[in-house]
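To start, the structure itself, in structure tokens.
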Amino acid sequence: MELVGSPLMATYAHPRSTPNKFLPAISTMASSYKNRFPYYPLPQSFSLPWMPSTYYKTAAINPTLAPFSRSSQGLTTSKTLPFISNRTTLFTRYTPDDWYRSNLTNYKESETSRQNSERLRVDTSIMIQDKYQQTKKTQIESTKNLGERVNDIGFWKSELCHELDEMIGETNALTDMKKRLERALAETEAPLQVAQECLLHREKRIDIDLVHDDVEKQLFMEVDVIRSCQERMQQYLDKAKAQLTLNRAAEHEMEKDLANKQAAHRIDNKCHHLRNTSDGISYYRGVERVDATISVPESWAKFTDNNILRSQSERAASAKLRDSIENLLVLTANEMWRQFNRVNVAFTNRIAETADAKSKIQTHLAKTLQEIFQIEMNIEAIQKAIRDKVPPLKVAQTRLDERTRRPNVELCRDPAQIRLVNEVHEIDETIQSLQQRLRDSEEALQMLVHAKSVLEHDLSVKANTLFLDQEKCMGMRKTFPSTVRLVGY
């Protein structure tokens, strides 16, 4: 016997009209069915309970046969039937055959009704069992589907929770990396300020020391390197901020999806554990005609899968960005340190050159001062020699003057006269040569004095340069950040 399905109603089950007087009052059944019937109408064959005794009452008739005379006792003459002799014509309504046939017809109709009722009862019982099994099977399948749905929601919940934890960890790691990058970017301001101040201090050099030397070239290059590192850091800082926005957007979508999954899991789990004996079940008329669904299983699974894929993609991009930032921090720190060392080496070499030049200037200045002293002594000696030639010249000229007073022939050009004349000429030449030498010595002294002033000025210039390079610039450059600080720690 097939228990599943709806059996067809027997063709012999024809509902017969029932007199209204045999039905109980509607009010007798109303109290037991207050708002408990479903809204949808039932077929006519199911509108009444299956037990007929509920609506029909058994009628018992016990006929009593008595003599006509006894049944007619106590009747007056006017109430009794008219006597046959009073009729003008003998008229028969039915024959005995009609009477018998009527009885047989009633018997057959009664038997047919009983047989139809019996078959209806049997079919109804079978149908009740079939519908019970069908309803039970449908409920089991619905419960099974709800259980599978709960498992599916639980699976996607676990996937979302796992991915959400991974994304939160990645977001925190990227946030820490962004903070490191911000600290490293802030640390580059001090070296840049030092390099710029070194350039400003070196503008205070004097005269010939105001040269575009290797130190200045390296300082300009250091400024360019630091600014280039700052630009790259700022670019990656902007990328990190944008990536954090994308990470938080993906995290928000997963959190919202997870909250929806938790609510759906709670509802479906409650529905999965509902039984026919559970509390809180009731009729909700027309709910089966309400279709509030907005997705199908494929789109439902694809929605969560897309959220997870988006999170994985953003997480991979975030991890790649973190690696790039880490490499950038190491690269920029190395670049700045290499250029810092180049500038320091250039400063050291330049300071050594300036110190050597200063030492040589001091040596030349000392020699110049010594030579000035010597030339001054020489000038004094020449002047003394010139003074010493005055008396001999006076003597020779006096002799010649006195000899001009010799009388007559005594004015002889004798060897003494010639010698005196030669002596005067010699002394004059000697004085002239000494005076020329005095002028040359004085010019040499002036040159030495000028050289002395030049050397002294150059010495002050070199001292100023050494002070700027060694004290000012190198003093500031001792505060250059360490590698640990340049990478953001």
- Only one of ALA333, ALA242, ALA346 that is open to solvent by less than 60 Å² (accessible area, probe 1.4 Å), in the same structural domain as ASN151 (by the TED database) and modelled with pLDDT of 95 or more: ALA242
- Message: With the structure loaded, tell me whether ALA249 is of a type in the set (A, V, I, L, M) and modelled with pLDDT of 95 or more or whether it fails that test.
- Response: yes
- Subset of the stretch 358-373, residues out of contact with any Leu (no Cβ under 9 Å at 6 or more places or on another chain) and of a type outside the set (Val, Ile, Thr), comes to SER359, LYS360, ALA366, LYS367, GLN370, PHE373
- Task: Confirm whether HIS273 is open to solvent by 80 Å² or more (accessible area, probe 1.4 Å), without any contact (Cβ under 8 Å) to a residue 60 or more places away in the chain and at negative phi.
- Result: yes
- Task: Would you confirm whether any residue within the stretch 446-459 is assigned to a helix (DSSP H, G or I) and touching a Cys at 6+ places or on another chain (Cβ under 7 Å)?
- Result: no
- Message: Residue under question is ALA195, and the condition is that it be of a type in the set (A, V, I, L, M), over 33 Å from the mean Cα position of the chain (by Cα), in the same structural domain as ALA346 (by the TED database) and part of a helix (DSSP H, G or I); does it hold?
- Response: yes
- Which of (1) at pLDDT below 90; (2) under 30 Å from SER460 (Cβ atoms) does CYS412 not meet, given it meets every other one? (2)
- Query: Of the conditions (1) hydrophobic (A, V, I, L, M, F, W, C); (2) more than 27 Å from ARG310 (Cα to Cα); (3) assigned to a helix (DSSP H, G or I), ALA240 fails just one. Which one is it?
  - Reply: (2)
- Task: Within the stretch 349-378, count every residue that is touching a residue at least 12 places away in the same chain (Cβ under 8 Å), open to solvent by 60 Å² or more (accessible area, probe 1.4 Å) and of a type outside the set (A, V, I, L, M, F, W, C).
- Result: 6
- Note on the structure: In the set THR135, THR105, the lone residue that is closer than 30 Å to ASN269 by Cα and either of a type in the set (Val, Ile, Thr) or assigned to a helix (DSSP H, G or I) (or both) is THR135
- Query: Got at least one residue in the stretch 464-475 being exposed (fewer than 15 other Cβ atoms within 10 Å of the Cβ), among the small types (Gly, Ala, Ser) and farther than 30 Å from GLN370 by Cα?
  - Reply: yes
- Item | Test result for MET221, in the same structural domain as THR304 (by the TED database) and crowded, with 21+ Cβ neighbours inside 10 Å | no
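The values are calculated or read from the model by the stated rules, or taken from the named source; none is laboratory data. Note that the coordinates shown come from a computational prediction; the quantities given were computed from them, not determined experimentally. Ideal geometry is used to build each Cβ from the backbone, glycine not excepted, and the neighbour counts take in all protein chains shown. The protein model used for the area step is the full one, side chains on, heavy atoms only, and it has no ligands, DNA or RNA in it. Shrake-Rupley method; radii C 1.70, N 1.55, O 1.52, S 1.80 Å.
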